[in-house]
Each structure stands twice: as C-alpha cells, then as structure tokens.
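Heads up: the structure comes next, in structure tokens.
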Amino acid sequence: MTTQSDIGLVRAAADDLRARVAESVRAIDSGATSTTDLLRELGERHLLDLGVDTVGDPHEAASQIDGSSELIALLAEECMSSAFSLWAHRMVLDYFARGNRTALNSETWTLLRRGERIGSTAMASGMKALAGIEPLGITGHVEGDELVIDGQIRWASNLVDGAVVVIPVVLDDERRIITWFRVGAPGVTVNYVDGLLALNATASASVRLEGARIPLDAVLSWDFTATARAFRPTFLTLQSAFCIGIARRALTESEALVTRAGNEGLQQRYLDARSALDEVADRWTRLGSDLSASPLVEFVRLRLDASLIAGEATRLEAALAGGRGYVASSGTARRFREAAFLPVQSPSEGQLRWELTSLAS
C-alpha cells in the first residue's frame, strides 16, 4: 500500500476507533482489560501492519510508517496504554520484516500481522548497547540447531501468554544477534508488575531466561548492530507518535479551560505549549516521511522533545482543570500519570540527553 492509502485507512476508522477505546479506557486504566485485546481487533481491520511491506534492505532505514505513526498518535489521544501496546507490537513487525525469512519466522510473522500472536519488543538493553552505554544483558551459545540463552530482561510489555518477544543476544563467540522466544516456553520466567502509576493493562514485567532453547531458525538477524541502526529511526519516530498523541489531547482539553475565569495567568503558558507541539509535530511528520533522509541525531532530538511537550501539556491540563483533574479516574489524571512514564521509558530522558551530547561531539 502507499503511504497515502495507509493514512486514509486510519482516518476512515478514526471515529470508530476513538469511540471503541474511549468506551474501554477506564477498564484499561484499572488493568481490568488488557490492551492486547485491541491489537487483535486492529489485526482484523488490517490496521496492525500498515507499512511493513515497504521494508526493503534490512540494513536500510527506508520504509513507510506514516499510517502506523498516525494510528499510534490517534490511540494515544484516548489511551496512551493502548498506543504503547501498539507501538511494541508494530516494532516486532518491523523486526520480522527485516529478518531472515525462514519458514518459522515467516509463519510467525503472518500470525503477528493478523493479531493472532502478540509481539513484545525487549530492546532496551540493545538500544543502550548500540549507544555504547552498557553491554547486552542476554548471553547465548549454539548447541546443534538451537541457541541456549540466559539473562535478564528488566522490562518489557505485551507479555501475554504465547507472546513473541524479540531480543538482542551476545553469543560466546562475541557475535551479537537478534532472535525471539515465546512467553510460556521452558526456561522463561515472567515476573509481572502491578501497582504502576499507569499502563497496568500492558502486561508489563521483567523476564528471567535460564537455559531457554531457541531454534536457530528463529534468528532474525546475525548482525545486531547493522539491523538495529536501520530500525532505530522507526523505533524513535513511532515512540514520538504516542507522545504527540497524548500532548494533542491534553492541549485540546486545555483550550476549553484556559479561557475560564481564574485561568488568565496560564494563557501564555498554553500558547507556548501549543506552539511547541506544532513545531514538534511538524518535525515528526517530516522525519517520518523519509526515514533515511536525516541523521540519527534528529530522531533522538525528536523523541526527547516529543516526550517533553507531552509532560508539559499534561501538567498544564492538570493545572487548568483544578480539583476535577485531581480525581484519579478522570481523563486529566490518567493522562498526567501516563505521561509520567515517558522520562523513564527506554530510551530514558537521561539516555536521550547523553546521546545528544555524544552525537554532537
């Protein structure tokens, strides 16, 4: 499909999707309903895999992500937890699109595209290793036609039963690869996290891998560095999408509140936030329209600026809403809590600022 037809599909479904997510957002926020239910519905609507067929050379950034990017932003306007789950799944589709086309990988990719399997990206360690911050946290070695892997995943989401979890692994011969395993497989222990400020419905957890065995046919790339450099612009642009989506909604709500008596002193802050969001959104659209045209530093800066405006927009909405926004079940409070996740999500604000300094030197 062309980019325009992808965006057209998203726009055609926008009102229905907003209503669908708005109807379930309280259950999602409380953790009573899983965000992965929506992924299966998006698969049925053929909205889950927008643009994945445009991935060509696995070591080149070029692909069309406009439709997926806009869909993630749209969902984030109603529920960032849902948008976050979609981002995680969509990245797994990107990894498979770039991956070795073994029979096992091709069959799994088809199920992921339909939403019949849920995807989880566990690339935080990989992104830090790529930036030179720390080594990969999962090790492995080849035994016959299998990989045997050990290590710890500190945090991943969409970890429902049977989920496909994509990971970077460093082998005993120092090769760094990308492969995957399924939740529930022998040697895989998932320690779910609850009591989060937000995103409780995203099936987030840490994972312990102890002698887990993976078929060699599950290796997606034998060259982690080249592949990760290629998908990183997509990774950062799609993350920026849910930042922009939640900021859009917060400022839409703020627009109706800023003219109320008593809020006059916040009008300039609102105008500044609106101007900042417009600038970041324009950059997001421009960078996302041609992923290979700009250097990495521009995508890193986009991701940082998008998370910063999301935080500012939700704080402003809370200030304008007053006591009503302090009710835990309100949309204002939910967006405030969801945006509080952005500075710590990998790549964290600290990592992004470190990378900007490193890339500029």
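Observations on the model:
- Residues in segment 102-134 that are at pLDDT below 95 and more than 27 Å from Ala83 (Cβ to Cβ): Gly132, Glu134.
- Applying the criterion of being open to solvent by 30 Å² or more (accessible area, probe 1.4 Å) and under 21 Å from the mean Cα position of the chain (by Cα) to the residues of segment 105-114, the residue that is farthest from Asp173 (Cα to Cα) is Arg114.
- Inside segment 138-173, residues that are over 20 Å from the mean Cα position of the chain (by Cα) and open to solvent by less than 40 Å² (accessible area, probe 1.4 Å) make up a count of 9.
- Matching residues in segment 276-289 - criterion: being open to solvent by 70 Å² or more (accessible area, probe 1.4 Å) and either closer than 14 Å to Leu308 by Cα or of a type in the set (Phe, Trp, Tyr) (or both): Asp278, Glu279
- Applying the criterion of being part of a strand (DSSP E or B) and not β-branched (Val, Ile, Thr) to the residues of segment 115-137, the residue that is surrounded by the most Cβ atoms within 10 Å (Cβ to Cβ) is Ser120.
- Test result for Val10, part of a helix (DSSP H, G or I), farther than 24 Å from Ser329 by Cβ, modelled with pLDDT of 90 or more and in contact with an Asp or Glu (Cβ under 9 Å, 6 or more places away or on another chain): yes
- Scanning segment 337-361 for residues that are hydrophobic (A, V, I, L, M, F, W, C), open to solvent by 40 Å² or more (accessible area, probe 1.4 Å) and either assigned to a helix (DSSP H, G or I) or at pLDDT 95 or above (or both) yields Ala340, Trp354, Leu359, Ala360.
- Condition check for Asn105 on (1) out of contact with any strand residue (DSSP E or B) (no Cβ under 6 Å at 6 or more places or on another chain); (2) under 24 Å from Gly195 (Cβ atoms); (3) touching a residue at least 60 places away in the same chain (Cβ under 8 Å): one failure, at (2).
- Members of segment 320-336 that are in a helix (DSSP H, G or I) and either surrounded by 19 or more Cβ atoms within 10 Å (Cβ to Cβ) or among the hydroxyl-bearing types (Ser, Thr, Tyr) (or both): Leu320, Ala321, Gly325, Tyr326, Gly331, Thr332, Ala333, Arg334, Arg335, Phe336
- So Asp6, is it surrounded by 17 or more Cβ atoms within 10 Å (Cβ to Cβ), over 18 Å from the mean Cα position of the chain (by Cα) and of a type in the set (D, E, K, R): yes
- Restricting attention to segment 58-83, the residues that are open to solvent by 10 Å² or more (accessible area, probe 1.4 Å) and either aromatic (Phe, Trp, Tyr) or farther than 21 Å from Met127 by Cβ (or both) total 5.
- Some residue of segment 89-104 being in contact with a His (Cβ under 7 Å, 6 or more places away or on another chain) and either among the aromatic types (Phe, Trp, Tyr) or open to solvent by less than 50 Å² (accessible area, probe 1.4 Å) (or both): no
- With respect to (1) open to solvent by less than 60 Å² (accessible area, probe 1.4 Å); (2) farther than 18 Å from Glu77 by Cα; (3) in a helix (DSSP H, G or I), the lone exception for Ala273 is condition (2).
- Filtered residue count, segment 29-48, keeping only those that are under 15 Å from Ile118 (Cβ atoms), touching a residue at least 40 places away in the same chain (Cβ under 8 Å) and either small (Gly, Ala, Ser) or assigned to a helix (DSSP H, G or I) (or both): 9
The values are calculated or read from the model by the stated rules, or taken from the named source; none is laboratory data. Small disclaimer: the values here were computed from a predicted structure and weren't measured. Ideal geometry is used to build each Cβ from the backbone, glycine not excepted, and the neighbour counts take in all protein chains shown. Areas reflect the complete protein model, heavy atoms only, side chains present, ligands, DNA and RNA absent. Shrake-Rupley method; radii C 1.70, N 1.55, O 1.52, S 1.80 Å.
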